Structures are given as structure tokens and as C-alpha cells.
Amino acid sequence: MHDTDTLAHTRADLGFSWRHRFADLGPAFHTRLAPVPVHEPYWVARSQTMARELGLEDEWWRAQDALDTFAGNRVPPGSQPLASVYSGHQFGVWAGQLGDGRAVLPGEVEAADGRWLELQLKGSGLTPYSRMGDGRAVLRSSIREFLVSEALHALGVPSTRALCITGSDQPVRREQVETAAVVTRVAPSFVRFGHFEHFSHRGQHEQLKQLADFVIDNFYPECRAAPHAYAALLDAVTRRTAALIAQWQAVGFMHGVMNTDNLSILGLTIDYGPYQFMDGFDPDHICNHSDHLGRYAYRRQPPVAHWNLLALGQALLPLIGEPDLAMAALEPFNDVFTAELNRRMAAKLGLREASEGSNAWVDDLLRLMARERTDFSICWRRLAQHAAGAPAERVRELFLDQAAIDALLARYRTLIEPSAPLFDAGLALRSSPSIVLRNHLAEQAIARAKLKDFQMIQDLLAVLERPFDEHPAHADWAGFPPDWASHIQISCSS
């Protein structure tokens, strides 16, 4: 039974107050158009947490207007839907003009806490930027994006958010025929590195300046006080991006498609396609079946992020003026990334500060984990439980080389005992989640959803929203992946 069976048949406005700062930039930045309706939409999943942040009542989804709005079948009063244009490098190669090829932005709404957040309907039909695509998203990819958006947010990793998924039995052809879906995602802004590359590459320096001023005035106002505002913007984005990549590495997350059009100017994780949380630890793991050269493998995420920042710096050079200023703005990347990663890995040990000793210990554990392909999340979680007083045996049993892990655990005790004022077992438990969104969990939810059983999506969401808690009712979700999980192939197709 679809949730549409319980929809109120009276029309009720969602009560949003709209504004349109990005739309006000002008027609060089976007094309105004309405989303393309889908056939007989129905609810697939909803995040009540995100809904409450947007100020929606708990029963918001029961109104027919809500379903029609988030399926793209109704343009809500006060909105001004548009698709934005951008360009970018894809797999390190200049791809030229890209843009919102399957997403429409109705505008910004005021959240319950006074923030203004953009809503975007992904999968809402053809736009002028669809190139050879059909403008649609499929149920499979929409479920993956919905769940990981909220999962990463709950882990404390900056991310775009997701409000809901609407589905339709309307056919969509990918490698095979699938069904359509629209995911409503939420962010302060969906501006990417590629927006700046677009105007810089085309020599549209007036629009480039207009965009940079828009981003500074609305999201980086502190840059106005700097001697060189545009260099300060590049510096701020560099620091946010470096910190974001460190957070990815610390939780074993791989993005899969770190093109310049998929990196947020706000340092958010954006555009989820073939992402993955690490199972057995392999620094060279490639989570994207389409990434034949391993450009976006786990260990390459930091240097690729820096490469993308260099591309952003090149795009901003007409505004910065002096290459030396641009290069100086990029210099903090390595130091910020290293410091943030060391701090987060030390926190996994229960240490409030990183040290040479903790850094060396983590490096040695990761080398041992890589040799044995030890499960990333389970190993760190069990270590956190050991820090909180659980026997070491649960950590030891993960390794074949007992002498090596015993030596590491002995060193761990000598590391934390002299650091008692800096040790906090609770910090370790708050830094290594008990559960992450592994590929096989998403695949199981997708398989059920294809049969119109959407309950596992909601159950998974409820658990992923509390990733550092234990969930006895779903202990298997926190366990080792099944053997078939290693054969899951995720590509750019969605």
C-alpha cells in the first residue's frame, strides 16, 4: 500500500516563505523552468528530522500538495524554479558546459532556526543542461542519496541534506529499465567549484565577480575584511575542503566522483553517486566501477581535492590578480588536512589532542589493517569499546597476526596511561560509529523498495541518525558484510 492512500485530499500550502538570492543573479546563471511532472507519484521515504528543521508540521506529508510539490507535479506559490549552469573537470579532463541536467531549484525557504536553505528536486526532468540525459533519476540512486545525506550529517560530516523521496512507476532506461524517483535535497547553497570555472573559462569576468561577491556576502562575510577578498575566499574554501576530506578519511568514506562540478564551494559533501563506506580496509580501494584508473581511490581523495582547488584557484585568478596570492591561498591545504585527520584519529583513541605518539600508533594500526583487510568500521568501534573498558580480545580476534596486534595494544596502553588528563573513553565511542551505511545495506533496502516495501529505508534512516549508539534490534546491520557484498558494483549510472 502506498502512503498516497492516507493523503488528505484537501489542498494545503506547506507554509514556506520563499526567497530567491541565486535567481536574482540573472539569466547568465540559470534557466527558469518548471519541473517535469511524473506519472502518479507516491511517497517512498521521508526524513522527519529534516522536515522539523524546515519548520514543517509532523503530518506535513499527508497533504496532497506536499506529494505533488516534491514530485515536481506542482509549482508551489512564491517559488521560482530554475536550473543552474556550470562547467567543470571530469576525471581530470575539461568537460566544458555542464549544469543542472536533472535538478530544479524552486528557491530558498526559511528554516525553523531562521536559516535560509535551498530546496532542490533531483530527478525532475529535462533541462537545457541535460546534454544526452533524460533528466530523470532512478529509485535506486535516489534511495542511496537520501540515506547517505542524512547518515553523513549524523556522523558530523558536512553534507547536503535530504527531505524526502517520491517515486513513480514511470519507466526510466539505464543499463536496464528502472522506475523514476525524485529526491528533495537541502543545502544553504548548491554552488560548486564548477560554477566559477564556467564563467572564468568563458571569459565572463563580470559574472565571475558577481558570483564570487554573492558567495562572499552570503556565506563568507569575514573575507570582506581581508586585504584581498577573493584570495581570502579561496583560502577559506581551501580550509573547509581540507577539513572535509579529513573527515571522509576518518570514517572510511569514499565519494567516488570528485569532479570539480561535484565539489561544494561551502565544503559540503555533494552529489552522491558511487560512494562507499569502507568494508575491509584497502587504501587503494576504488568504489566507482567506472573509475578505471583509480583516480578517486580512497588514498587519492586528499591529492585530488587539492588538484580541484588548484582548478578553482585558476578560475578565480582574474579576480585575485596575482598568481602568488592564489598559490598562498592554497598553501593551507596540507597542514589543515593533516592536523584535522590527526585530531580525528586521536579522538578515535579517546585522546583530546593528537601527538607524535598517537599519529605513529594510528599509522601502524592502519598498515596492519591494510595487510589483513581488516574491517574498518568494526575495528575502530571495537577499539573504542576497549578504550571504554571492554576486553581487548574483541580487537585481537580481528587479526591473524596476533603478535602484531598484541604489540600495538600494549603500546596503546602506554600511550593513554600517561595522558590521563587528555583521555576520554566517551570521546572514542563518539568518534567511531557502531553503524555506517554500507553498500549491502543500501542494496537490501533498494531490493525491497523495488517491490514497494519501503519500511527498511525508514528503519535504516532511524538507525543511521544515531550512528554512535548501539542498536541491538539491528545488530546484524552493524556486523560484517556478507560475502556477496564484495561483488556489488556501483557506477556513475543513475
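The values are calculated or read from the model by the stated rules, or taken from the named source; none is laboratory data. Keep in mind that this is a model prediction, so the values were computed, not measured. Quick reminder, even Gly has a Cβ in these numbers, built from the backbone with ideal geometry, and neighbours come from all protein chains shown.
Answer yes or no: is there a residue in the stretch 147-156 that is surrounded by 22 or more Cβ atoms within 10 Å (Cβ to Cβ), in contact (Cβ under 8 Å) with a residue 40 or more places away in the chain, assigned to a loop (DSSP other than H, G, I, E, B) and touching a helix residue (DSSP H, G or I) at 6+ places or on another chain (Cβ under 9 Å). Looking through the stretch 147-156, none of the residues is surrounded by 22 or more Cβ atoms within 10 Å (Cβ to Cβ), in contact (Cβ under 8 Å) with a residue 40 or more places away in the chain, assigned to a loop (DSSP other than H, G, I, E, B) and touching a helix residue (DSSP H, G or I) at 6+ places or on another chain (Cβ under 9 Å).
Pairs are defined by a Cβ separation below 8 Å, a sequence spacing of at least 6 or placement on different chains, a first member in the stretch 293-312 that is free of Cβ contacts under 8 Å to residues at least 12 places away in the same chain, and a second member that is part of a helix (DSSP H, G or I); the pairs so defined are GLY294/ARG300. Pairing residues of the stretch 354-381 that are basic (Lys, Arg) with residues that are surrounded by fewer than 14 Cβ atoms within 10 Å (Cβ to Cβ) and at pLDDT 95 or above, at Cβ distances under 8 Å and at least 6 apart in sequence or on separate chains, gives ARG371/ASP401. Sub-7 Å Cβ pairs linking a first residue in the stretch 451-474 that is on the phi > 0 side of the Ramachandran plot to a second residue that is exposed (fewer than 14 other Cβ atoms within 10 Å of the Cβ) and of a type in the set (S, T, N, Q), at least 6 apart or interchain, number zero.
So which of VAL109, VAL183, VAL172, VAL104 ends up being in a strand (DSSP E or B), farther than 28 Å from ALA445 by Cα and in contact (Cβ under 8 Å) with a residue 12 or more places away in the chain?
On the way: VAL183 fails: farther than 28 Å from ALA445 by Cα; VAL172 fails: farther than 28 Å from ALA445 by Cα; VAL104 fails: farther than 28 Å from ALA445 by Cα.
One residue alone meets the criteria, VAL109.
Of the residues making up the stretch 248-266, those that are of a type in the set (S, T, N, Q) and within 16 Å of THR160 (Cα to Cα) are ASN262, SER264.
For LEU383, indicate whether it is crowded, with 20+ Cβ neighbours inside 10 Å, of a type outside the set (Lys, Arg) and not in a helix (DSSP H, G or I). In short, no. Scanning the stretch 213-265 for residues that are surrounded by fewer than 19 Cβ atoms within 10 Å (Cβ to Cβ), touching a helix residue (DSSP H, G or I) at 6+ places or on another chain (Cβ under 7 Å) and outside any helix (DSSP H, G or I) gives ALA226, HIS228.
Could you please let me know if THR166 is surrounded by 17 or more Cβ atoms within 10 Å (Cβ to Cβ), assigned to a strand (DSSP E or B) and polar (S, T, N, Q)? Spell out how you get there, then give the answer.
Values: surrounded by 17 or more Cβ atoms within 10 Å (Cβ to Cβ): yes; assigned to a strand (DSSP E or B): yes; polar (S, T, N, Q): yes.
Spelling it out, THR166 is indeed surrounded by 17 or more Cβ atoms within 10 Å (Cβ to Cβ), assigned to a strand (DSSP E or B) and polar (S, T, N, Q).
Just one of the listed residues (GLU331, GLU353) is over 30 Å from SER486 (Cβ atoms), out of contact with any Leu (no Cβ under 9 Å at 6 or more places or on another chain) and of a type outside the set (A, V, I, L, M, F, W, C), namely GLU331.
Listed here are the residues, each with its yes/no results for (1) modelled with pLDDT under 95; (2) of a type in the set (Gly, Ala, Ser); (3) in a helix (DSSP H, G or I).
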site: ALA347; (1), (2), (3): no, yes, yes
site: ALA354; (1), (2), (3): no, yes, no
site: ASN359; (1), (2), (3): no, no, yes
site: LEU366; (1), (2), (3): no, no, yes
site: ARG371; (1), (2), (3): no, no, yes
site: ILE378; (1), (2), (3): no, no, yes
site: LEU400; (1), (2), (3): no, no, no
site: ALA404; (1), (2), (3): no, yes, yes
site: ALA407; (1), (2), (3): no, yes, yes
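Restricted to the stretch 466-481, and to residues that are assigned to a helix (DSSP H, G or I) and of a type in the set (Gly, Ala, Ser), which residue is farthest from the chain's Cα centre (by Cα)? Restricting to residues being assigned to a helix (DSSP H, G or I) and of a type in the set (Gly, Ala, Ser), the top hit is ALA473.
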